[in-house]
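Scroll down for the structure; my scribbles are underneath it.
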Amino acid sequence: MADADYTPPAVWTWDSESGGRFASINRPIAGATHDKELPVGRHPLQLYSLGTPNGQKVTILLEELLEAGHAQAEYDAWLIDIMEGDQFGSGFVEVNPNSKIPALVDRSGAEPVRVFESGAILIYLAEKFGAFLPEGGAERAAVLSWLMWQMGSASFLGGGFGHFYAYAPVKIEYAINRYAMEAKRQLDVLNRRLAESEFIAGEYSIADMAIWPWYGGLALGRVYGDADVFLAAQEYEHVQRWAKQLAERPGVKRGRMVNNRTGEPHEQLPERHDASDFELRTQDKLELVAAK
């Protein structure tokens, strides 16, 4: 095991990068590093994000709202390139002092409303449009409980298992085993729940939209490469059923594309400013454009 002789110092200080894919953007201090205003499009809802699982939560909800007929949910989605440090620009930090995607500005009222943290954005939008979140009672409690479960669990899946399995510069057996165990426990939690219910909290809701990009993506092999095989994710039959079912929803398909710059070209829509932006994002049409 690496660093077997390591002894933690009495006071930790940041004197070198830790290595790994995200080392250049990790730092122990907050705040802006440079002046950069955020662009503003023509719609009241302005989203600043990236097509990671946390970013997909919000774009899936927005596209599901539009699919359900909520025309006022039209939005502009601007790409925040975290590898280039866009999240540390002054404009973004003003919206989200935590410098993490996604961040939303609602300009539909007299004063802009700034919302950050994906779970908070989901609740804000669901309440604004009266959709995908019950108004009260046991149904609302169930949706919020599963939403908070995801918010609390994702750090162990992403920052824990995902980091040490996929991104850490050194593969540490103890860390991978520790977080693989927790990832499998979380999959088992979901599998048991989905054995009882078609969707996470009864009816399709923001709980499904929050959980699917992480755990549905893991089950379908879209998050950490072959991690689904490593975790034997195919064993969780109810998670697999739910993951595949949601993957076929038009709103989910479009939501996955927004602010995405990975995968096949027809799966990518780095910025989104109108529903018509999706029209060219098919394999056949992209090949036609390239041929011209």
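The values are calculated or read from the model by the stated rules, or taken from the named source; none is laboratory data. Just so we're clear, the structure is a prediction, and the values are computed from it rather than from any experiment. For neighbour counting, all protein chains shown are included, and Cβ atoms are generated from backbone atoms with ideal geometry for every residue, glycine included.
Among the numbered conditions (1) surrounded by 13 or more Cβ atoms within 10 Å (Cβ to Cβ); (2) at pLDDT 95 or above, the only one that A168 does not meet is (2). Determine whether V229 is of a type in the set (V, I, T) and either touching a residue at least 24 places away in the same chain (Cβ under 8 Å) or within 30 Å of W78 (Cβ to Cβ) (or both). Considered against the rule, which asks whether it is of a type in the set (V, I, T) and either touching a residue at least 24 places away in the same chain (Cβ under 8 Å) or within 30 Å of W78 (Cβ to Cβ) (or both), V229 comes out as no. Within region 233-267, if we keep just the residues that are surrounded by 12 or more Cβ atoms within 10 Å (Cβ to Cβ), among the polar types (S, T, N, Q) and within 15 Å of the chain's Cα centre (by Cα), the residue that is farthest from R222 (Cα to Cα) turns out to be N259.
Quick one: how many residues across region 98-113 are among the small types (G, A, S), within 23 Å of D81 (Cα to Cα) and in contact with a strand residue (DSSP E or B) (Cβ under 8 Å, 6 or more places away or on another chain)? Write out each step before concluding.
At the first step, the residues of region 98-113 found to be among the small types (G, A, S) are 99, 103, 108-110.
Now drop any that are not within 23 Å of D81 (Cα to Cα), which leaves 99, 103.
Of the ones still in play, those that are also in contact with a strand residue (DSSP E or B) (Cβ under 8 Å, 6 or more places away or on another chain) are 103.
Total satisfying the criteria: 1.
Within region 101-123, the only residue that satisfies the criterion of being surrounded by 17 or more Cβ atoms within 10 Å (Cβ to Cβ) and of a type in the set (S, T, Y) is S118.
If I ask for residues that are aliphatic (A, V, I, L, M) and either surrounded by fewer than 17 Cβ atoms within 10 Å (Cβ to Cβ) or part of a helix (DSSP H, G or I) (or both), which ones from region 174-203 would you list?
Matches in region 174-203: A175, I176, A180, M181, A183, L187, V189, L190, L194, A195.
Looking across region 174-195, the residues that are within 23 Å of R241 (Cα to Cα) and of a type in the set (G, A, S) come down to A180, A183, A195.
For first residues located in region 67-86 and touching a residue at least 60 places away in the same chain (Cβ under 8 Å) and at positive phi, partners that are of a type in the set (S, T, Y) and surrounded by 13 or more Cβ atoms within 10 Å (Cβ to Cβ) and lie 6+ apart or on another chain with Cβ distances below 7 Å form the pairs G85/T33.
Could you tell me how many of the residues in region 128-147 are within 19 Å of L65 (Cα to Cα) and either charged (D, E, K, R) or loosely packed, with under 12 Cβ neighbours inside 10 Å (or both)?
4
Of all the residues in region 60-96, those that are in contact with a strand residue (DSSP E or B) (Cβ under 8 Å, 6 or more places away or on another chain) and of a type in the set (V, I, T) number 2.
If you go through region 214-227, how many residues are charged (D, E, K, R) and under 10 Å from L187 (Cβ atoms)?
Residues that pass the stated criteria total 0.
Take K171 and decide whether it is within 25 Å of K244 (Cβ to Cβ) and either outside any helix (DSSP H, G or I) or out of contact with any Gly (no Cβ under 9 Å at 6 or more places or on another chain) (or both). When the stated conditions are applied, K171 does not pass them.
Going by what's in this entry, would A207 be described as over 23 Å from R21 (Cβ atoms) and in contact with a Leu (Cβ under 9 Å, 6 or more places away or on another chain)?
In short, yes.
Listed by first and then second residue, the pairs with beta-carbon distance under 6 Å, at least 6 apart or on different chains, first residue in region 269-284 and part of a loop (DSSP other than H, G, I, E, B) and at pLDDT 95 or above, second of a type in the set (K, R) and surrounded by fewer than 16 Cβ atoms within 10 Å (Cβ to Cβ), are P270/R261.
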